[in-house]
Amino acid sequence: MNKEQLELRKKSPVQIKNKKASFEYFFVETYTAGIVLTGTEIKSIRLGKASLVDTYCVIINGEMWVKGMNVSPYFYGSYSNHEAKRDRKLLLTKREIAHLREMTKQVGFTIVPTLVFIDQNGRAKMDIALAKGKTQYDKRQTMKEKEDRREMDRAMKIYK
């Protein structure tokens with residue numbers, strides 16, 4: 001991911017993050033995928049009414065799917081409103097899907113959604129990561145590093 005892409009993500013009005021994923025997994029590789037959505041789903045996502053808690057990705061028949069993603073029903077939607085927790089297709093190239101399939105066959109690897117954002121063209125995109133699970137020790141180490149950074153930030157604010 002280059003600098004320009006990172007700046008566009010930061011400017012995105014909608015950024016729905018999976019905060020638990022970085023605590024539970026080490027990210028090996030990241031990919032950006034498009035999401036196939038219906039009319040009221042994109043409206044809900046633009047309002048920030050989505051959640052990535054307990055989501056995961058699977059490859060079925062050469063297609064990538066995200067399962068467990070909650071997109072709340074659109075408030076102004078009528079009878080054509082969408083189902084909140086349906087499976088949604090992700091758009092990746094065949095080469096990327098084949099690579100991810102091979103990597104997930106190895107023990108300990110999985111595919112985790114990390115971020116949903118709106119790109120400069122108004123389309124919903126999802127960052128997914130090939131991830132390896134952390135052990136209990138690694139989780140404690142991550143918590144300690146986070147707490148140390150917080151203490152250093154507090155100390156810097158006091159001395160300013």
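So is Lys89 closer than 25 Å to Lys139 by Cβ and either open to solvent by 40 Å² or more (accessible area, probe 1.4 Å) or not charged (D, E, K, R) (or both) or not? Spelling it out, it is not the case that Lys89 is closer than 25 Å to Lys139 by Cβ and either open to solvent by 40 Å² or more (accessible area, probe 1.4 Å) or not charged (D, E, K, R) (or both). State all residues of region 69-79 that are farther than 28 Å from Ile59 by Cα and either in contact with a strand residue (DSSP E or B) (Cβ under 7 Å, 6 or more places away or on another chain) or loosely packed, with under 11 Cβ neighbours inside 10 Å (or both); if no residue qualifies, say none. Result: Tyr76, Ser78, Tyr79.
Considering region 45-85, and only residues there that are touching a Ser or Thr at 6+ places or on another chain (Cβ under 9 Å) and among the basic types (Lys, Arg), the residue that is farthest from Lys17 (Cα to Cα) turns out to be Lys67. Scanning region 71-123 for residues that are over 20 Å from Glu29 (Cβ atoms), free of Cβ contacts under 8 Å to residues at least 40 places away in the same chain and charged (D, E, K, R) yields Glu83, Lys85, Arg86, Asp87. Just so you know, in region 8-55 the residues that are closer than 14 Å to Thr114 by Cα and β-branched (Val, Ile, Thr) include one that is surrounded by the most Cβ atoms within 10 Å (Cβ to Cβ), and it is Thr55.
The values are calculated or read from the model by the stated rules, or taken from the named source; none is laboratory data. In this text the structure is predicted, and so the values were computed from the model without any measurement. All Cβ positions, even for glycine, are placed from backbone atoms using ideal geometry, and neighbour counts span all protein chains on display. Just so you know, the surface numbers come from the protein's heavy atoms only, side chains and all, with ligands and any DNA or RNA stripped out. Shrake-Rupley method; radii C 1.70, N 1.55, O 1.52, S 1.80 Å.
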